[in-house]
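What follows is calculated from the coordinates using simple rules that are stated; it is not laboratory data. Predicted, not measured: the structure shown is a model, and the values here were computed from it. As a convention, Cβ positions derive from the backbone with ideal geometry for all residues, glycine included, and neighbour counts pool all protein chains shown.
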Amino acid sequence: MISFDDYKDQEPAWCPGCGNFGIRNAFIDAMTGMGMEPHQLVIVSGIGQAAKFPHYVKCNAFNGLHGRALPVATGIRLANHRMHVIVMTGDGDCYGEGGNHFVHAMRRNVNVKLFVHDNQIYGLTKGQASPTSMEGMVTKAQPFGVMSEQFNPLAMAIALDCGFVARGFAGDRAHLAGLFVRAMEHEGFALVDILQPCVTFNKVNTYEWYRERVWKMDGEHDEGDRMEAFKMSLLWGERIPIGVIFRKRRPTYEERNPVISRAPLVEQAFDRSKLAAALAEFY
Amino acid sequence: MRTILEGSLAVAEAVRLCRPNLVCAYPITPQTHIVEELSRMVADGRLDAGYVLAESEFGAASIVLGGSAVGGRSYTATSSQGLLLMVEVIFNIAGLRLPVVMTCANRAVSAPINIWNDQQDAVSIRDSGWIQLFVEDNQEAVDTHIQAFRIAEELMIPVMVCMDGYVLTHTWEPVDMPEQEEVDRFLPPYDPAYKLDPDDPFTMGEMVGPDAYMETRYHVHMDMMEARAVIRRVCEEYRGVFGRGGTGLIDAYGVDDAEVVLVSMGSLLGTMRAAVDELREEEGLNVGLVKVRCFRPFPKDAIHDAIKDFQTVGVIEKDISLGLEGTLCSEMRAAFCGEDSPEISSFIMGLGGRDITVEEIKQVARDLAQNPACRVEFRGLREDLLNGDEG
């Protein structure tokens with residue numbers, strides 16, 4: 001029987017009260033609840049406070065370059081799609097620096113779970129606006145306030161027909177754990193954007209601010225209706241919906257790619273004679 | 001006016017005095033303070049410039065490229081991974097002959113990730129076609145940035161001012177900040193030889209095939225060779241106006257009677273000066289220093305002349321061309337092509353923020369005095385991590 005303590009690794013260096021603790025707790029709850037063992041997972045991350053996540057959870061871990069977690073996760077799945085591959089990233093890492101990969105991973109529908117710690121600020125570099133910072137937010141690097149439209153990852157995901165689109169809140173551990181389980185159970189790429197208070201650098205979107213607004217929409221709309229889902233994804237203000245917004249079973253890249261659909265690459269024998277045959281035409 | 005400023009704030013102030021039209025960057029440690037300060041200046045109305053925080057360093061470099069292409073004085077700053085992400089654009093800016101000025105707050109390169117100082121980032125892009133100037137302290141950082149815009153705009157070659165991350169960027173030192181009127185006299189408004197202008201249409205960045213590509217590279221190369229004289233002259237002019245301001249291409253310290261000459265770039269020179277003074281006073285060992293301020297274009301002749309009469313030279317550097325030796329060391333050896341060369345040894349130290357002490361530098365000098373033979377050595381390694389001991 002796998003327990004919470006089996007997943008505990010080094011003591012996190014996040015600020016006391018950081019929303020990342022809630023995400024970590026909910027994640028471990030979800031994994032233990034599913035009977036998932038640390039060795040069955042690989043968690044891939046980039047750069048940022050969220051990217052420290054695999055240091056603080058026992059698992060196979062890959063901590064790479066800023067913004068580049070999704071391509072690495074894609075490579076891992078292409079080599080061995082028996083691994084459960086989870087990307088832990090943040091709004092700056094995934095929607096800013098690595099924004100192009102976000103688009104194309106969803107198009108490709110590789111079976112990677114993307115859990116975005118969305119604190120609407122750059123925490124690691126100490127408080128500059130991120131793509132999801134709200135318009136007008138004043139930071140040390142945006143003295144006139146943010147002048148760009150707030151990035152909406154959920155609307156973008158639905159526009160790209162991403163098969164699993166959800167939003168969670170770091171302050172609701174049980175609800176978030178449930179979203180993680182459903183994302184893991186979904187066959188295909190899954191996005192969970194997680195509202196995560198940054199107690200040090202984001203003085204606008206606080207625990208209180210989110211608590212006054214988040215609203216569990218589960219059961220209140222048809223998850224399979226793309227237009228309804230799109231409308232839901234646009235809600236941001238007095239009420240912010242959390243839960244599964246859109247779900248659709250699409251063939252995964254792993255299922256569609258004839259080379260790996262039979263068996264993962266790592267389980268396929270290396271047949272040198274086929275290589276010779278392929279090269280023969282060049283001689 | 002003499003004041004006490006953090007290195008990053010001093011650089012921001014120097015950049016402000018140069019009246020840039022466009023400032024654009026992406027946050028990365030240890031560079032971030034520079035652009036945060038510039039953004040504050042824009043907000044306070046002290047700097048009238050376009051200011052954008054980009055979505056990535058690739059975006060930031062591309063935005064300043066665009067700003068420069070339309071004739072704006074454009075500035076960016078980054079470090080380490082940010083610089084490497086910019087590389088495609090860095091080559092582009094140089095190839096398009098756009099006089100962008102950049103600060104590189106030198107930091108180690110991943111993997112493993114490390115946010116502390118060494119110089120691997122800037123040294124790794126030495127072939128991009130940018131002028132690269134390394135500064136020793138915050139005063140030199142201020143003076144070099146003001147010179148950088150002059151040099152870049154005169155030659156239409158971008159200039160990167162390299163300053164050690166944390167050691168300089170996060171250290172408060174007394175600096176003499178020039179007055180605006182003085183800077184205005186030294187640095188006239190930017191009047192580009194060419195720019196994108198709807199009234200005078202012009203194409204940038206078109207494909208050049210085998211028929212002419214090589215000549216474009218030849219021109220950049222010849223202008224880079226020429227740049228050495230320009231850098232030296234601009235430095236002298238600056239000295240004429242401000243009474244200080246860097247040392248042109250290289251600087252020498254106590255070399256007249258030296259048994260051993262040590263060479264380096266950046267803030268380490270300060271520690272090395274202390275080591276050399278102590279060796280002379282306490283041990284009677286005469287050690288000289290050569291500071292390489294200009295790394296690209298490489299000051300081959302100046303370095304050749306500075307060390308040709310010595311037998312024993314040690315190059316201490318915070319970078320390595322893996323599989324060979326320190327990059328600066330290789331280039332110094334190349335300055336003696338076809339001639340008798342001093343014994344030039346490579347000492348790799350201070351990677352990833354490993355401290356370099358006065359005593360370690362003294363030991364390098366003592367060892368070279370004992371045994372001048374040319375060699376490559378790492379110094380300051382932890383023995384406990386070398387012998388396969390796990391954990």
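Here are some notes:
- Count Lys and Arg as plus one, Asp and Glu as minus one, and take only other residues whose Cβ is under 14 Å from that of B:Phe202; the net charge is then -2.
- Among B:Leu133, B:Leu38, B:Leu324, the residue with the largest mean-square fluctuation in a Gaussian network model of chain B, with springs joining Cα atoms closer than 10 Å, is B:Leu324.
- For A:Val87, the residues 5 or more places off, or on other chains, whose built amide H falls under 5 Å of its own are A:Val44, A:Lys113, A:Leu114, A:Phe115.
- Under 5 Å, built H, 5+ apart or other chain: amide partners of B:Phe134: B:Cys162, B:Cys294, B:Phe295
- Note: relative contact order over the stretch A:4-280, using C-alpha pairs below 8 Å and six or more positions apart, is 19 percent.
- Note on the protein assembly as shown: helix-only mean residue ellipticity at 222 nm, from DSSP H runs of 4+ residues weighted -39500 (n - 2.57) and normalised by residue number, equals -11000 deg cm²/dmol.
- Listed residue (B:Ser62, B:Cys294, B:His221) projecting farthest to the positive dipole end of chain B, Cβ model: B:Ser62
- Gyration tensor verdict on the stretch A:4-280 (Cα atoms; rounded if a/c is under 1.5, prolate if a/b is larger than b/c, oblate otherwise): prolate
- Signed unit charges on C-beta, dipole axis of the stretch B:250-382, positive-most listed residue B:Leu368, B:Gly254, B:Phe378: B:Phe378
- Check: the protein assembly as shown dipole with +1 on Lys, Arg Cβ and -1 on Asp, Glu Cβ, in debye: 2260 debye
- Checking the cross-link pairs A:Lys52/A:Lys231; A:Lys216/A:Lys248; A:Lys8/A:Lys203; B:Lys291/B:Lys362; A:Lys140/A:Lys231; A:Lys58/A:Lys216 against a 27 Å limit on the alpha carbon distance flags A:Lys52/A:Lys231; A:Lys8/A:Lys203; A:Lys140/A:Lys231; A:Lys58/A:Lys216 as lying beyond it.
- Charging the Cβ of each Asp and Glu at -1 and of each Lys and Arg at +1, and nothing else, the dipole of chain A about its Cα centre rounds to 400 debye.
- Positive-pole candidate from B:Leu83, A:Val266, B:Thr144, dipole of the protein assembly as shown, charges at beta carbon: A:Val266
- Per-bin percent of Cα-Cα distances, the stretch B:1-112 [10 Å]: 15, 48, 30, 6, 0
- Table column - 3J(HN,Hα) (Hz), the stretch B:325-342, Karplus curve with 6.51, -1.76, 1.60, x for Gly and Pro: 5, x, 5, 4, 4, 4, 6, 5, 4, 5, 5, 10, 3, x, 10, 5, 10, x
- The stretch B:2-242: C-alpha gyration tensor shape, a/c 1.5 cut-off, then a/b vs b/c: rounded
- Simple point charges give the picture: +1 on the Cβ of Lys and Arg, -1 on the Cβ of Asp and Glu, and for chain B a dipole about the Cα centre of about 520 debye.
- In terms of Cα atoms, the Rg and Dmax of the stretch A:130-283 work out to 21.5, 70 Å.
- Taking a ≥ b ≥ c as the square roots of the eigenvalues of the Cα gyration tensor, the stretch B:150-210 is oblate, since a/c reaches 1.5 or more and a/b is not larger than b/c.
- The stretch A:111-120 - phi-based ³J(HN,Hα) in whole Hz, Karplus 6.51/-1.76/1.60, Gly and Pro as x: 7, 10, 9, 10, 10, 9, 7, 9, 9, 6
- Straight-line cross-link reach from B:Lys195 at under 18 Å between alpha-carbon atoms covers these aspartates and glutamates, not counting any fewer than eight positions away in the same chain: B:Glu153, B:Glu154, B:Glu206.
- For B:Leu196, distant residues with modelled amide H under 5 Å away: B:Val70, B:Gly71
- Dividing the Cα radius of gyration of the stretch B:250-382 by 2.2 N^0.38 Å, with N the residue count, gives 0.95.
- Listed values for the stretch B:37-42 are Karplus-derived 3J(HN,Hα) couplings in whole Hz (6.51 cos²θ - 1.76 cosθ + 1.60, θ = phi - 60°), namely 5, 5, 5, 5, 4, 5, and x replaces Gly and Pro.
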